[in-house]
Each structure stands twice: as structure tokens, then as C-alpha cells.
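Laboratory data are not the source of any read-out in this text; all were calculated from the coordinates shown. Since the structure is predicted, the reported quantities are computational estimates derived from the model, not experimental observations. Here Cβ is always computed from backbone atoms with ideal geometry, including for glycine, and neighbour counts include all displayed protein chains.
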Amino acid sequence: MNRDRLGRRRSPDQGRGLRPLHPALPGDWTSRAIRVAMSDSDWARFDASARAWAAVEPGSTQARSYGLALAHLLQHAEPAAPGPLDWMDWERQKMLKLLRHAV
């Protein structure tokens, strides 16, 4: 009989750690904790979208329905207009504008 670092007895066939509380994710899914701030009305719209996705995929957890709602929004979002690559590009463009107006 082995003992863990807290002194509890462990048999060789005993699994390590706790049982998972949520079903395993599909192979190409990754879980990440993110922090998001929105207005109350936007949260209400987002929660409604997540509930709709939960109805489409029965048995999905709240985290998965949030993920499906976010994935849907990302797939249908318009790409952002290309901008400066970094702050040096922005500084260069700013300086060129200033030089043009100075002439």
C-alpha cells in the first residue's frame, strides 16, 4: 500500500486525483479561461445566443454553449481593416503626415 504526499493510503489500481466533473472535450477543442466585460444588454444577448446553441447541441455544458456562440460570432465577423503592423509603423506614418503638412 502506497501513501500520497498527504499521507492517505493509495492502492496500486486507484486512479490519481479527482474524477473529472465535466465530460471530456472533443479532440480538436481546447479550454481556456478568459475574462470578458460587456454591458448588461450585450450579456443578455450573448446569454440568449448561448442558450440557443445549447438547444441545438443537447447535453452541452454552459462553457461549451458559450464556446459555440463565440465560434459562431468569430466565423461571421467581418475581418478588421489592415492597420499598422506595430508602433514603429504608426510613428512613421504620423511623421510622414506631419512632414506633408509642413511643406
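Do you know which residues across segment 20-47 are assigned to a helix (DSSP H, G or I) and without any contact (Cβ under 8 Å) to a residue 12 or more places away in the chain?
Listed by number, the residues that qualify are Asp40, Ser41, Asp42, Trp43, Ala44, Arg45, Asp47.
Can you tell me how many residues in segment 48-96 are under 21 Å from Thr30 (Cα atoms) and in a helix (DSSP H, G or I)?
The total comes to 20.
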